[in-house]
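Notes to accompany the following structure.
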Amino acid sequence: MQIKVNSWRSWLDYGLAIVLFSLSVFWFTPIAEQKASPMIVIAWALVEIALCSVLLFLYYRQQPKAQFSTINLWFIVRQYVVLIVVIFILSMIHTHLTSETNTTNNTNITSMIQQSSWLAIMTGLQTSLFAPITEELLFRGLLLSNFNKKTQKPLYLTIIVGSSLLFGLLHANTSFSGNMIYIGMALVLCWTYAKHENIYENIGVHMLNNIISLVAMSLGL
């Protein structure tokens, strides 16, 4: 197995990314959601912008050759279609096992959208913009870029499966079949990154999925 020379610094960067991401997701965002108001939402958005900027900086330190101009839009659309198929199949299994037509995570999002206009704005920004950027950088970009194409496949697959399990569990659901939908989503996104190692394509797929899902939930579809 070969790991990049800058692996120690990369792992320190990843540790810092986990700490910052955790502070945002588990501490600051819940507080902002409880007290959603114009000033709170603006302050929260600034914190999220800062988090995205730091994570992008850490990613570029690991992947200095990453190029925004190399995005393949057709590849993003193709991967999105694959993602939708996987989500649909796992959702059918989830409904069959639990009789639930929606996941707990999506139900919570729908509830927040309906509570107040400022909470709806905050939820919309988080779901459609900030979450795709931060989650892709943390669970795919910063993690998988610690390994190169010479890494032994068993180890690489273990990292992919482990990060996908963590991603699925992060989207809190009351049943494992609900978590499986997000685990399946994460596996597709890991495959997407492994194909081109372009985090922007991953963000594009994730963002497209979340925006369409958010619109559907807002319309009650």
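The values are calculated or read from the model by the stated rules, or taken from the named source; none is laboratory data. Keep in mind the model is a prediction, meaning the values are calculated, not measured. Cβ coordinates were reconstructed from backbone atoms using ideal geometry, including for glycine residues, and neighbour counts include every protein chain displayed. Just so you know, the surface numbers come from the protein's heavy atoms only, side chains and all, with ligands and any DNA or RNA stripped out. Shrake-Rupley method; radii C 1.70, N 1.55, O 1.52, S 1.80 Å.
The apolar share of the surface of the range 61-205, taken as the fraction of accessible area on carbon and sulfur atoms (1.4 Å probe, ligands and nucleic acids excluded), comes to 68 percent. Pairs of Lys residues in the chain, spaced 8 or more positions apart or belonging to different chains, with C-alpha separations under 22 angstrom: 11 in total. Looking at the chain, the accessible area is 52 square angstrom per residue; that uses a 1.4 Å probe and ignores ligands, DNA and RNA. Give me the angle, in degrees from 0 to 90, between the Cα long axis of helix 7-23 and the longest principal axis of the Cα atoms of the chain, rounded to the nearest 10. Taking the Cα atoms of the chain, the angle to 7-23 is about 10 degrees. Pairs of Cα atoms nearer than 8 Å and 6+ residues apart set the relative contact order; for the chain it is 32 percent.
Each of 44, 27, 74, 118 has its accessible area taken with a 1.4 Å probe; listed largest first, they run 74, 27, 118, 44. Taking the dipole about the Cα centre of the range 1-95, with the C-beta of Lys and Arg at +1 and of Asp and Glu at -1, give me whichever of 53, 70, 26 is farthest to the positive side. Among 53, 70, 26, the one farthest towards the positive end of the dipole of the range 1-95 is 70. Using the alpha-carbon atoms, what tilt in degrees (0 to 90, nearest 10) does helix 73-98 show relative to the longest principal axis of the chain? Helix 73-98 sits roughly 60 degrees off the main axis of the chain. Among 96, 196, 171, the sequence by solvent-accessible area, most first, with a 1.4 Å probe is 96, 196, 171. Hydrodynamic analysis of the chain uses the Kirkwood radius over alpha carbon pairs. Inserted into Stokes-Einstein at 25 °C and 0.890 mPa s, it gives a translational diffusion coefficient of 135 µm²/s. Computed from Cα positions, the angle between helix 153-170 and the longest principal axis of the chain comes to roughly 20 degrees. Any chance you could run the full-extension gain for residue 39 through residue 89? It's 0.36 nm times the residue separation minus the Cα-Cα distance, nm to one decimal. Stretched fully, the residue 39-residue 89 segment lengthens by 13.9 nm. This model, with +1 at the C-beta of Lys and Arg and -1 at the C-beta of Asp and Glu, gives the chain a dipole about its Cα centre of some 720 debye.
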